[in-house]
Every structure is written in C-alpha cells, then in structure tokens.
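For reference, the structure is listed below as structure tokens.
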Amino acid sequence: MIKFEKGVSPFVPTESDPGILEEIAVLKEELKDDLVILGHHYQRDDVIRFADVTGDSLILSQKAANMKKKHIVFCGVYFMAECADLLSADDQKVYLPDMRAGCAMADMANIKEVEMIWDHLTKGTKEKIIPITYINSSADIKYFVGKNDGIICTSSNAARIFDWAMERGKKILFLPDQYLGINTAISKSISEDAIFTLDRLPDEKAIEKSQVFLWNGYCSVHKCFTLDDVTKRRNEYPGINIVVHGECTADVVKASDAFGSTSTIIKMITDSENGSVWAVGTEQHLVQRLAKRFPDKTIMPLSEFGFQCVTMSMITPEKLLATLKEIKHGETKHEVCVSPEIKHYAKTALMRMLDL
Ligand code: SF4
C-alpha cells in the first residue's frame, strides 16, 4: 500500500459545473484584448481548455511576455507565476488563481538553509562552486543563484547548464531537486562517488572530493514511481516504451528507455508510430490527455495508480472565474509580484540561461 506524502494524491477525475464554464468563456471573450491565460500541462482539462497557451513553466512565461497582454493569468503553481513576473514588462500583471498553490519541491529549499550550507561549502574549499537552480524554485533561490555567479536550468537543458557551470567552476551546488541533479550528473559521466546529497553536512574531506552537491529536495509526484512499476509494465507489455520525467529517482530513470522534460515526453509520443505502447512516468493529467489525443497508441501511467499534483489541482474553474472577475473589476488580490531587490538577481540568473 502506497503512503502518499504531502503534495501528491491518487488521480481523482473531476466534474465541473457547466454554468461556471460558460461564465468563464463569456468573461474571457470580454477581456480578450488585454488577457492571456496560461495553462501548465499538469492542469485539469476544465482549466486547460481555457488556456491560450499550454506548455511548461518557462515556455509559458516567455510566450506571455512576448504577447504583451496586460493581464497574465497563470494556471500553474506559485514559482511559475513568479517566473512570468520576472520576464514580463512593468505594465503587465501576473495572477495566480489560488495563492496557496505552491510546489512541494520548490518549498523544500529555504533561503536561510541554503545560505547556511553555501557558507559551509565555500569555507570548506578554495575551488569555485557554481550554484545552479532548477526553474522549479522560489524567486529567493533564483536571487541567491544569480548573486553568486550561478544560473537557472530546466529539465530540458540541465545537461547543457552543467557544462556551462563546469567551464566556470570546479564544483556545482544543484538546487532543489536531487533527482534531476543526480540524473543529469550521471548522464554527464560524473562518478557517483563525486556526488554528495546534502541530507547531512559534508566534512572537509567530502567537500574536497565531491564535484556535485545536491540539495535534498524532490518532487512528491515523480518520486512515487518505483523500479517495481518499471518491471511490472515490462512484464505486462513486452516491448513497451517507458519514458519518465527527469524528476524521477535515478533507479527509475536508469531502468527506463528515456527521460526528459514534459516537452520531451510529448514529442517522443507524438513522433512515435501508431500501435506503439507507452508507459509514462509523469503527472496523470498529462498522461490522460496524451492517451485521449492519440487513440491509435496505447498510453498508460507507469504506475497502476495515476499520481496527481495536489497543488496544481488547486486551480479550479471556480477560482479561474473568480480571478477573471477580479481583473474585470480592477482588483489585484491574486497578483504575484516579485520584489524589485529579489527581481534583479533572479532575472540575472534566468537571463544567463536564456542567453545561452
Ligand atoms: S508536479 Fe512536482 S515539481 Fe511540479 S508543481 Fe507538483 S510538486 Fe512541484
């Protein structure tokens, strides 16, 4: 029996009130000249149907900034709305329909703890350490990274960002996802002996011999997939293709046929032949949508359970409607605003990645 920790639950299909959906459609049409709605792949169908753009967090933020609409409603989680605010112009406002919709992984890296560990690491070696943060992190962590000559990565470009960091330093501090960190380090042929997970403080000897320090955060959803799930699917469907997100654990990634970002997963399945069979290790809303979109392929979750991100699912049609009503009335209760002092260095870290 699986024990579900904070941030993840079994997939629960939802039904929406048709009246609410109708109201959203009417209001969206009314506001259309000034409004863009962004929908992350893990949102429920009755939210994503209203999205003008769908994608992962960075692509959504970039597209929204380029569209120049005054109001950007981000159907996703808090760090994504912060990211959109970093990239948007001063006259654009970013809204999150539920301000409590955080990301369990991003919340695992607290700035005070990160600064304490940084102090310990930098005092323990003369070699330059480059901090990298996965985009799934708070604006505070992005600020810290930007201020310390570091950079942001996504699950699509983490390997390239490791190269960037190793050209500028001897060691990497990777935040906050230990699994994307270890999967990337292994893909770069970094020895597992030179990778230190910060579930304890390294002593001087460990600091000296380690090349990569991994913050011990993880995604509650992707961590649920296990090696047993991979074995079971391979036994049930000989010849099956198994693709998982880079936030899955290292043993799951090693046993799968491929790993990558949500965009990589979507592209691989889109480009595959009709009749192919897929087990997908990512959030269930996306897996379900892919299964519906490609009826000529067999697409199933990697686990017999479909796992859903609890905070992504906090964005409901009711909350989207309430946010649109606020915009109509000039209210800003759900506006996400990164403070100017944090923004400067957080954006520096982001632009280092985008300029590559
Ligand atoms: S799926 Fe994982 S990484 Fe994405 S928002 Fe949910 S907890 Fe965070």
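The values are calculated or read from the model by the stated rules, or taken from the named source; none is laboratory data. Because the structure is a prediction, the values reported are computed rather than measured. Note: ideal-geometry Cβ built from the backbone for every residue, glycine included; neighbour counts use all protein chains shown.
Tabulated data
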read-out: Qualifying positions in the range 1-40 - within 20 Å of A81 (Cα to Cα) and touching a Ser or Thr at 6+ places or on another chain (Cβ under 6 Å); value: G7, G39
read-out: One residue from S276, S261, S272 being crowded, with 20+ Cβ neighbours inside 10 Å, of a type in the set (S, T, Y), touching a residue at least 24 places away in the same chain (Cβ under 8 Å) and outside the structural domain of E192 (by TED's automatic domain parsing); value: S261
read-out: Lone qualifier among Y134, Y143, Y95 - being within 15 Å of the ligand (Cβ to nearest atom) and aromatic (F, W, Y); value: Y134
read-out: Looking only at the range 312-330, and only at residues there that are touching a Lys or Arg at 6+ places or on another chain (Cβ under 8 Å) and assigned to a loop (DSSP other than H, G, I, E, B), the one that is farthest from the ligand (Cβ to nearest atom); value: T316
read-out: Extreme residue, surrounded by the fewest Cβ atoms within 10 Å (Cβ to Cβ), among residues of the range 99-131 that are acidic (D, E) and more than 16 Å from the ligand (Cβ to nearest atom); value: D119
read-out: Members of the range 69-84 that are buried (at least 24 other Cβ atoms within 10 Å of the Cβ) and more than 16 Å from the ligand (Cβ to nearest atom); value: I72, V73
read-out: Residues located in the range 192-202, provided they are surrounded by fewer than 16 Cβ atoms within 10 Å (Cβ to Cβ) and within 17 Å of A165 (Cα to Cα); value: A194
read-out: Residues being under 26 Å from C103 (Cα atoms), away from the ligand (no atom under 16 Å from the Cβ) and either among the charged types (D, E, K, R) or not in a loop (DSSP other than H, G, I, E, B) (or both) - total across the range 1-20; value: 2
read-out: Single residue of A89, A81 found to be within 27 Å of K63 (Cβ to Cβ) and assigned to a loop (DSSP other than H, G, I, E, B); value: A89
read-out: Lone unmet requirement of (1) within 19 Å of G217 (Cα to Cα); (2) buried (at least 19 other Cβ atoms within 10 Å of the Cβ); (3) not acidic (D, E) for L96; value: (1)
read-out: Subset of the range 174-188 (residues that are within 15 Å of the ligand (Cβ to nearest atom), in a helix (DSSP H, G or I) and of a type in the set (A, V, I, L, M, F, W, C)); value: L180
read-out: Residues that are more than 19 Å from the chain's Cα centre (by Cα), in contact (Cβ under 8 Å) with a residue 24 or more places away in the chain and part of a loop (DSSP other than H, G, I, E, B), drawn from the range 107-133; value: G124, T125, E127, K128
read-out: Any hit, the range 254-270, residues being farther than 26 Å from K188 by Cα and away from the ligand (no atom under 15 Å from the Cβ); value: yes
read-out: Positions within the range 270-297 being more than 17 Å from V47 (Cβ to Cβ) and within 18 Å of the chain's Cα centre (by Cα), in sequence order; value: V280, G281, T282
read-out: Residue ID - farthest from the ligand (Cβ to nearest atom), chosen from residues in the range 23-49 that are of a type in the set (A, V, I, L, M, F, W, C) and under 21 Å from the mean Cα position of the chain (by Cα); value: V36
